[in-house]
Structure formats: structure tokens, C-alpha cells
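Data block below; observations after.
A short reminder: the numbers here are calculations on the coordinates, not readings from a lab. These numbers were taken from a predicted model, which means no experiment stands behind them. Quick reminder, even Gly has a Cβ in these numbers, built from the backbone with ideal geometry, and neighbours come from all protein chains shown.
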Ligand code: ADP
């Protein structure tokens, strides 16, 4: 356990690897989350704790008064007669005890309501923190399985652990207060009662702590398999997989994979929890022996006449409450310990720092319409991968130039686009806009000057207008530029009943599913509405028919006039009209020139072009 804590503290950059300090640091940070999510609820909870403690003492005192009153009446009674005054006294005591019990119920009901309100506030606050971090981290984290494990655990723990930690803290303090108030009472019977209670309860608590760490280690180890089972569940239930699942008859096989994984996880979890339950039973058994031993001693004292019947009732009540409070307090401590272990997953995630960031003092953005883009000796490998994807890549896109990037699958075209959009930074070498390294520019400002159509563009399950407007949310959604972009991209408005206001996709009621080519046109409109001086299009026409493709490239030539444009395509006939073609081969720039120059060169590009031309002859 210490080893894992040490590892985590280092990642968090906190507390010099000292587990105790790290635990305290996490506790403090968790409490601050809870406080920030709802200070009023937190204060209300604190007030209720104190009130509950006071009400319990008051209740036990009322019971003592009642017991003594009855005992007094029995002692003084002649022939079993009871005076009116004694009747009234006894009823008054019962009324007092009932009044206190009612107040206790009221305070408990208020506690449940406040607890729920606080739980909701903390959950929503934690989602906010998780979402902020998810948006801030680098793209590379999403392409890394280790990070996905972290994110999975953080998402699972964040909504409820902070609240549980605080409720455990409250439980510990609440029951601690109760125990203290009961302690004074029990000590008045005999000093040895408390040590007996403690000694009989502590072994159970230690066992629970031990099994909390076992459970935590198991959960961490099980994360990749848990994610695999969730993924298999997605394959079985999401529309994206529904067609292939049916055509290839994958249902039963996926079902059995999912079932196998769940069986394995369930059995392992049952083993861990069974051991914990056995340990808990042993611990509680010991405590029972202690408590009933004390009760036997109290019974003996009552028989010997050292304490009254009322006192016996009060001490027994006090003993029961102390036993329950001590049990709840120790349980709170072990839950705190366990939650603290699990919350470290959240802090591990929150501790992930993005590397692709703006510098502290960014340089002014060179005017993109008059500044070229220059790759200089760029070398790149993905952070979690050893393979070099781009090697010694140097080329320049002059301002306003329209350039095509071509090459075989996997030669690095999309990777190059990711670098150009600064989703990643080069491993070595530099990329310049004008004279400035992209890393010296403000990230948001630079990205704001790039309009991009990714190969794996998004299909937002929103209206067509919103789908396009997302490309430039600085505009009002009703801005005519949104309508113009839809028109320019030839997005399918006429075919849909509510035109541009139609809901798209099949996820929500009233949505209209589009063809892949139509979705691609929507993504293109999203890029166009940005009105960016630099345009990057990664296979923008891959799903379009030949006519749409021809039309699009022709239009782009006019619309992109004066804007630096990089276009990736496998359809060489469509891109030969561009100013220049860069042929990428195995992560290197192998050829660069106009279509005619490259054909004359007779290299890789000419070979590809020849192959494609044969099909059309
Ligand atoms: P292209 O767009 O030319 O088809 P890519 O740029 O997508 O090629 O991929 C280039 C190489 O980088 C391929 O070998 C691919 O396996 C690898 N690659 C792509 N994305 C990732 C990633 N996220 N992590 C690791 N390797 C990747």
C-alpha cells in the first residue's frame, strides 16, 4: 500500500512521498471540494451533528428520569396503589422523552434531506471539475490506454467519493461527540467500561483497514478488464456496431466475451468482499463479547443494590449507544481510509498536466493571410509509442498557396495535420507561422486561425444549424454566415423537412439520419463558417460522389482564394489543379512540385497517378 501511495504522491508532485502527509493533503483537498460545492449545506450538516449529540444525551437523561420515577413509585407503593401525582409525574417524564424523540426524528429527517442536497451539489461540482480537466488535457492522453484507465477510475470515483469522505468525516466526528458524551456517563459507573469497549472493538477495525487496501489494489488491477467489459457492452448496444454485429453474426460471441469477463470480475470481487465480511464478523463477535460482559457486570451491580433500576436502564442505554457510536466511528475511519485510497485516482487524473500549452508570454500572431507555414526538420513519434512516424520533414506552404498532401495509408499525413493544428508538438524540429515557432504563440489564438475538416469529423446529434455553428461559436447561431456556409458546402437542406433547423442523427426523437457523404458536407460547412485564413482538409471528399467532389474542389479553389490551404486526398485527378503537391513516403517528404513536374519526375506520385488513371480509361 505504501508503495502505491508513494508512486501517486510523486505524480501529484505533492508531499515529498510521505504517505501520511499525502493522505492529509488529499483529505484537505476533498473537504475543500465539498465546501466549495455548497458551503450552506456543509454548515447545516455541522449544526445537525451537534444537535444530534445533544438530543441523544437529553433522551437518555429523560429515560433515566422516567425509570427513577417508576422505581420511586414502586418502592413507595402500598397495596399496589399509585397516587395521581405519581401518575402525572410518570406521564410527564414519558411526554418529555417522547418530545425529545420527536426532535431526534425531525433532526434525522432534516439530515437526510440536507445530505441528499449536499450529495447532488458535490456530484455536479465534481462533474464540472472532471469536464474542465478532460477538455484541458492533451489529445495524446485520449490516445493512450494508461490514461483511459485513469480517466475511467476518476469518472467512477469523482461523483461520490468526496461526498462519502465528508460524510465519513462527519460520522467520525458525530459519533466521536456521542462517544465522549456517553463516556462521561459510563465512567460514572466504572472506569474500566471504556477500555473494555475499545479493546474489543479495535481488532475488527484493524481488519477492516487491511481489507480496504486489498479491495483497492484489486480494483486498480481490474480496471483494464472492467473497461474491456464496458467496451464489449458498447459493441453489443451501440448503433455504430449494430450493422456489422448483425451481418457478421457477432452477437453470441460478443455476449460470451462479455459474460466471461463479468464472471471473472464478479468472482474476484466476491472473494475480496467475502474475506472482508468474514473479518468484519470476527471483529464484531469480539465486540459483542465485550459489551455483554459489561452488561453482566451492570446486572450484578443492580442485583447487589449498588445502582438503581433507573440507572441500570440509563447505563445500558449509554452502553448500547457507545457501542453503536464506537462501531460507527471506527467504520467511518476505515471508510475514510478506503475512500482516501480511491480518491487518489481522481487526484492522479487532476494531476495530469497538458504539455501542449500557451507560453507564459506568447508572441503576437503573425498576420496569417500574409505568413507562410514552414516545417523544419520535423521528427515525430506519438508519446506512448516508440515508432518514428515523421522523419526530417521540411517544407513550406507559402501564404495563400493551395497544396495537396498525398501518399500511401499510414505514411503520416493525418499526423502532420495534427501537428499543424498543434494538437501535438514535434518531438524534434519546429513549425513556424511566418517567423514565429507555433509553440511561442497563444494556443487558442493560433487554433482560431485554422479551419480544419478532420478525417474522423464529429456527427453532433443536434440540429443542422447547430452542427455548423459549432465551427464558430463566437457567432450568433442565427448569423447569416451559418446559412451561407451550409449553402457553400452544398449541405442537404432541401431534402430535410425543417431544412437547416432539422434535427440530425438517430439518437434523439425527431432526428434525421444522413448518409456519410451528407455528414461530410455538414463537417465541411462547419469548417467554412470559421472563416479561417488557414484551411486544412483531411480527405474532405472521401465519402462524396465524383460530381460532388469535382464541384467541391472547384468551389474551394475560389472560396479559399488567398487562404493557405492544405488538402489531403487519395483522388489524384481531383487535386492535380492545386498549386503544388507534396508526396509523403514513409514519414518523409519524398517529392514536391506541381502535378506536371511530379509526373515528369516519374517517381512515386507519377506511379500512383498512373495506377489511378488506368481505372478510368
Ligand atoms: P495517414 O494519415 O497517412 O494514413 P497517419 O498519420 O494516420 O497516416 O498514421 C501514421 C502512422 O502513425 C501509422 O503507422 C499509424 O499506425 C501511427 N499512428 C497514427 N495515430 C497514432 C496514435 N494515436 N498513436 C500511435 N500511433 C499512431
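Annotations
- Modelled label reach - residue 40, point 7 Å along Cα→Cβ, the range 120-137 residues with backbone N closer than 16 Å: 120-122
- C-alpha long axis of helix 2-12 to longest principal axis of the chain, angle in °: 50 degrees
- Calculated FRET efficiency, residue 124 to residue 348, Cβ-Cβ distance, R0 = 25 Å: about 0.70 to the nearest 0.05.
- Full extension of the chain between residue 387 and residue 107 yields a length gain of 94.5 nm, computed as 0.36 nm times the residue separation minus the alpha carbon distance.
- FRET efficiency, 1/(1 + (r/R0)^6) with R0 51 Å, evaluated for residue 51 and residue 303 via beta carbons: 0.85
- The chain: calculated mean residue ellipticity at 222 nm from DSSP helix runs of at least 4, using -39500 (n - 2.57): -22000 deg cm²/dmol
- The range 174-215-the range 92-128 distance, computed between alpha-carbon centres (Å): 25 Å
- Axis angle, to the nearest 10 degrees, between helix 19-37 and the longest C-alpha principal axis of the chain: 80 degrees.
- Cα-projected label distance for residue 614 with residue 516, points at 7 Å along beta-carbon direction, nm: 2.5 nm
- Cα gyration tensor shape of the range 191-245, rounded if a/c is under 1.5, else prolate or oblate by comparing a/b with b/c: prolate
- Rounded tilt (10° steps) of 516-528 against the dominant C-alpha axis of the chain: 90 degrees
- The range 380-457 and the range 474-508 have Cα centres spaced 30 Å apart.
- Cα gyration tensor category, rounded, prolate or oblate, for the range 473-563 with a/c compared to 1.5: oblate
- Scattering profile of the chain at q = 0.05, 0.10, 0.11 Å⁻¹ [log10 I(q)/I(0), Debye over alpha-carbon scatterers]: -0.40, -1.04, -1.17
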